[in-house]
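Since the structure comes first, as structure tokens, the remarks are kept for the end.
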Amino acid sequence: MDDLMLYLIGFFPVLVRVSGLVMAAPIIGGRGVPHQVRVALTFVTALLLYPSLSVPPVPSTVLSYFAVIIRELLVGLGLGFSVTLVFSAIYLAGQLIDVPMGFGMVNVVDPQSGTQVPILAQFQYILAALIFFSVGGHHALLQALAASFALIPIGSGLPKGSLAGVVVQIFASMFYLGVRLSLPLVAGLVLTDVALGIIARAVPQVNVFMLEFPAKILLGLLLLLALLPGYISVLARIFGTQGELARVLETFIASF
């Protein structure tokens with residue numbers, strides 16, 4: 001009985017870190033995933049990781065053990081939130097494209113978050129999710145989780161003072177990533193506005209305002225179709241072993 005209690009006391013912090021990642025990470029922790037699946041994924045992952053970990057001594061007081069649990073939850077939530085930021089950059093790219101294309105006022109309900117999002121943002125998010133699994137992004141996420149136990153041992157001290165700066169750096173890099181993803185299509189739509197302005201000045205009889213919305217939507221869809229192969233390859237690099245997702249996770253882990 002004592003061995004079982006020691007096992008549960010050492011296993012629970014591992015379970016808490018894994019549960020924090022599952023709760024905060026997109027796709028695997030979204031509202032569309034059944035609770036039973038998330039609970040089973042958490043338990044199975046923790047059971048597989050626990051035998052390979054070096055468990056620290058049991059804290060002497062309940063308060064110190066509670067502090068360890070809170071810290072493990074924060075580490076797991078931080079790892080999942082880092083992944084969420086990468087997918088938020090893809091959302092941002094879709095929103096930046098929707099506005100000049102004319103879809104800014106047309107939203108659909110996102111089953112993951114339960115909020116309304118623009119059409120192209122939802123399309124790019126679904127495409128990113130498919131690429132994420134096809135290139136093994138979930139494997140990279142599990143590897144980062146396993147590596148976090150070696151780089152951030154259970155029961156270690158408080159995070160470094162640079163954690164806030166690292167979070168701001170990750171935010172800035174993901175915003176820059178979203179702008180880069182949207183730039184080719186947005187540039188094409190801006191050139192369309194320039195061309196329509198020239199037509200309006202050269203041929204005043206043409207009602208440009210009646211032509212602008214359908215022309216920009218048609219051209220935007222054609223550009224999206226033409227740029228789709230390159231966009232898929234960019235997403236594959238983002239979720240690859242040396243992509244932005246891996247760098248964000250490494251940056252967050254190194255801040256502890």
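The values are calculated or read from the model by the stated rules, or taken from the named source; none is laboratory data. Treat the numbers as computed from the prediction; the structure is a model and nothing was measured. Using ideal geometry, Cβ is built from the backbone for each residue, glycine included, and neighbour counts are taken over all protein chains shown.
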Go through region 239-256 and report how many residues are among the charged types (D, E, K, R) and either closer than 18 Å to Leu130 by Cα or touching a Ser or Thr at 6+ places or on another chain (Cβ under 7 Å) (or both). 1
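Hey, does region 72-86 have a residue that's at pLDDT 80 or above and either more than 18 Å from Leu21 (Cβ to Cβ) or more than 22 Å from the chain's Cα centre (by Cα) (or both)?
Looking only at region 72-86, we keep the residues that are at pLDDT 80 or above, and these are 72-86.
Cutting the leftovers down to either more than 18 Å from Leu21 (Cβ to Cβ) or more than 22 Å from the chain's Cα centre (by Cα) (or both) gives us none.
For region 72-86, residues at pLDDT 80 or above and either more than 18 Å from Leu21 (Cβ to Cβ) or more than 22 Å from the chain's Cα centre (by Cα) (or both): absent.
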Those residues of region 211-251 which are among the hydroxyl-bearing types (Ser, Thr, Tyr) and farther than 21 Å from Leu120 by Cα amount to Thr241, Thr251
Pick from region 95-146, criterion on the phi > 0 side of the Ramachandran plot and surrounded by fewer than 16 Cβ atoms within 10 Å (Cβ to Cβ), ranking: modelled with the lowest pLDDT: Gly114
Hey, can you tell me all the residues within region 11-54 that are in a helix (DSSP H, G or I) and modelled with pLDDT under 80? none
Residue under question is Gln205, and the condition is that it be polar (S, T, N, Q), over 21 Å from Val83 (Cβ atoms) and surrounded by fewer than 16 Cβ atoms within 10 Å (Cβ to Cβ); does it hold? yes
Any residue in region 197-216 that's acidic (Asp, Glu): show its pairings with residues that are surrounded by 10 or more Cβ atoms within 10 Å (Cβ to Cβ) and in a helix (DSSP H, G or I) at Cβ separation under 9 Å, as long as the two are six or more apart or on different chains. Glu212/Thr192; Glu212/Asp193; Glu212/Leu196
Residue count for region 1-48, restricted to those that are surrounded by fewer than 18 Cβ atoms within 10 Å (Cβ to Cβ), closer than 28 Å to Ser88 by Cβ and of a type in the set (A, V, I, L, M): 7
Ile232 vs (1) touching a Lys or Arg at 6+ places or on another chain (Cβ under 9 Å); (2) within 22 Å of Val135 (Cα to Cα); (3) of a type in the set (Val, Ile, Thr): all pass except (1)
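Does Leu189 satisfy the condition of being touching a Pro at 6+ places or on another chain (Cβ under 8 Å) and not charged (D, E, K, R)?
On the way: touching a Pro at 6+ places or on another chain (Cβ under 8 Å): yes; not charged (D, E, K, R): yes.
Criteria met by Leu189.
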